[in-house]
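Everything on this sheet refers to the single structure shown next.
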Amino acid sequence: MPDISRAEIERTVQAALMAHGAAAFPAAEVARAVAQAEAAGNRICGLYYLESYCQQLRTGRVKGDVVPVVTAQRPAAIQVDALMGFAQPAFAYGLAPALDAARQFGIASLAIGHAHTCTALGYFTEQIARAGLIGLGMTNASPIVAPPGGKTRMIGTNPIAFSVPDGQGDLAMQFDQSTTTVALGKITMAKAAGEAIPEGWALDADGAPTTDPEAALAGSLVSTGGYKGWGFGVMVELLTAGLTGGVLSRDVKPLKAAEGPPHDLGQFYILIDPSTSGVFSDRLAQFETFLAEDSAGRMPGQNRLLADPVDVDPAAWAQAQDLAGIAE
């Protein structure tokens, strides 16, 4: 597989998006997210999405030239209307006022509505943590999850991400995970590769366990921990649709489909200033020391490394170059 620098991935992705109708700033923000996903080995949220971004720019399913609108109906409740554009530039517009509000009041929310899928949530909460605040984020998605014991798709994979600063400009911990046993992208990638999936990931259309990815895509995914994961998924659904103005998962069409209505999704973030407690840093250090007493103990995300250059999938890279109009 080719080794490509993150900078070159960003340039190529930005060029591809701009070639299909995106303005420079939104294209640059999306390209930065794609490059970081690839660098983290998260291919589902990287170049894998680029073709659909470009197709949806052409069909108007995502608006590539809008300028997000930031408002604050209350001082610590920042809202951004993405205007059916990409989530990344909408977050970029809202981050600074949200950080300012959290530092002033100790806690703030950032609600992004009417947005395209944000793909990797940790990309956003990490930015909050690198600014010195605790970041909690969530989003809903197209319906693929039935309630435990049921077979009607009602909510999306509805992921949650959580990032904690280490006080030195880096991360003490981070997790980014769906509220289902597995992310939907792993099912679609298994189908594309002609591979079976493990039992316990999904159910077929009749509500029976399946190892066939095609049957899984026609059925539903399983919530992590059954009713427990379902509860978290519903929590995400209500916060992201109810507090951002986005739609319920049931009204979101398949995220990668070239045509159809805009995603109109919501992303909801909570920013917390750890200095509101005089002991947060001390408790964090105590826990890290205690955790290290077990040879298997580690903070979530502790061993996460970002590659540069990045070992990218050759087919995905060739496609990216083609979309950007770059000759090999």
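The values are calculated or read from the model by the stated rules, or taken from the named source; none is laboratory data. Computed from a predicted model, the values in this text were never measured in an experiment. FYI the Cβ positions are ideal-geometry reconstructions off the backbone, even for glycines, and counts take in every protein chain you see. Note: areas computed on protein heavy atoms with side chains; ligands, DNA, RNA excluded. Shrake-Rupley method; radii C 1.70, N 1.55, O 1.52, S 1.80 Å.
Annotations for the structure displayed:
- Within segment 177-192, the only residue that satisfies the criterion of being farther than 18 Å from Met154 by Cβ, modelled with pLDDT of 90 or more and open to solvent by less than 60 Å² (accessible area, probe 1.4 Å) is Ala190.
- Where a residue in segment 281-292 is over 17 Å from Asp170 (Cβ atoms) and its partner, wherever it lies, is part of a helix (DSSP H, G or I) and open to solvent by less than 90 Å² (accessible area, probe 1.4 Å), with Cβ under 8 Å and at least six apart: none
- Scanning segment 209-226 for residues that are in contact (Cβ under 8 Å) with a residue 40 or more places away in the chain and closer than 11 Å to Thr179 by Cα yields a count of 5.
- Some residue of segment 53-76 being small (Gly, Ala, Ser) and part of a helix (DSSP H, G or I): no
- Of the criteria (1) surrounded by fewer than 22 Cβ atoms within 10 Å (Cβ to Cβ); (2) at pLDDT 95 or above; (3) closer than 22 Å to Lys228 by Cα, which one Gln127 fails: (3)
- Pro148 touching a Phe, Trp or Tyr at 6+ places or on another chain (Cβ under 9 Å), farther than 19 Å from Cys45 by Cβ and outside any strand (DSSP E or B): yes
- Count of segment 110-138 residues which are in contact (Cβ under 8 Å) with a residue 40 or more places away in the chain, not aliphatic (A, V, I, L, M) and not in a loop (DSSP other than H, G, I, E, B): 10
- Selection from segment 250-299 of residues that are surrounded by 15 or more Cβ atoms within 10 Å (Cβ to Cβ), assigned to a loop (DSSP other than H, G, I, E, B) and among the β-branched types (Val, Ile, Thr): Val252
- Among the conditions (1) in contact (Cβ under 8 Å) with a residue 60 or more places away in the chain; (2) more than 23 Å from Leu133 (Cβ to Cβ); (3) surrounded by fewer than 21 Cβ atoms within 10 Å (Cβ to Cβ); (4) of a type in the set (Val, Ile, Thr), Ile107 misses just one, which is (2).
- Candidate set: segment 278-291, residues that are of a type outside the set (A, V, I, L, M) and more than 29 Å from the chain's Cα centre (by Cα); chosen: the one modelled with the lowest pLDDT: Gly278
- Within segment 205-241, tally of residues that are open to solvent by less than 40 Å² (accessible area, probe 1.4 Å) and not hydrophobic (A, V, I, L, M, F, W, C): 12
- Where a residue in segment 54-76 is modelled with pLDDT of 95 or more and its partner, wherever it lies, is β-branched (Val, Ile, Thr) and assigned to a loop (DSSP other than H, G, I, E, B), with Cβ under 7 Å and at least six apart: Gln56/Val62
- Test for Leu306: is it open to solvent by less than 70 Å² (accessible area, probe 1.4 Å), under 30 Å from Ile112 (Cα atoms) and either more than 23 Å from the chain's Cα centre (by Cα) or at pLDDT below 95 (or both): yes
- Segment 78-104 - residue that is open to solvent by less than 30 Å² (accessible area, probe 1.4 Å) and assigned to a strand (DSSP E or B) and, of those, nearest to Pro261 (Cα to Cα): Gly85
- Some residue of segment 311-327 being at pLDDT 95 or above, among the polar types (S, T, N, Q) and part of a helix (DSSP H, G or I): yes
- Filter result (in contact (Cβ under 8 Å) with a residue 12 or more places away in the chain, open to solvent by 60 Å² or more (accessible area, probe 1.4 Å) and more than 29 Å from Asp166 (Cβ to Cβ)) within segment 309-328: Pro314, Gln319, Gly325, Ile326
- Candidates are the residues of segment 293-308 that are free of Cβ contacts under 8 Å to residues at least 12 places away in the same chain and polar (S, T, N, Q); the one that is nearest to Ala33 (Cα to Cα) is Asn303.
- Contact map, segment 16-42: first residue at pLDDT 95 or above and open to solvent by 10 Å² or more (accessible area, probe 1.4 Å), second residue acidic (Asp, Glu) and not in a helix (DSSP H, G or I), Cβ cut-off under 6 Å, separation 6 or more or different chains; pairs are Ala23/Asp65.
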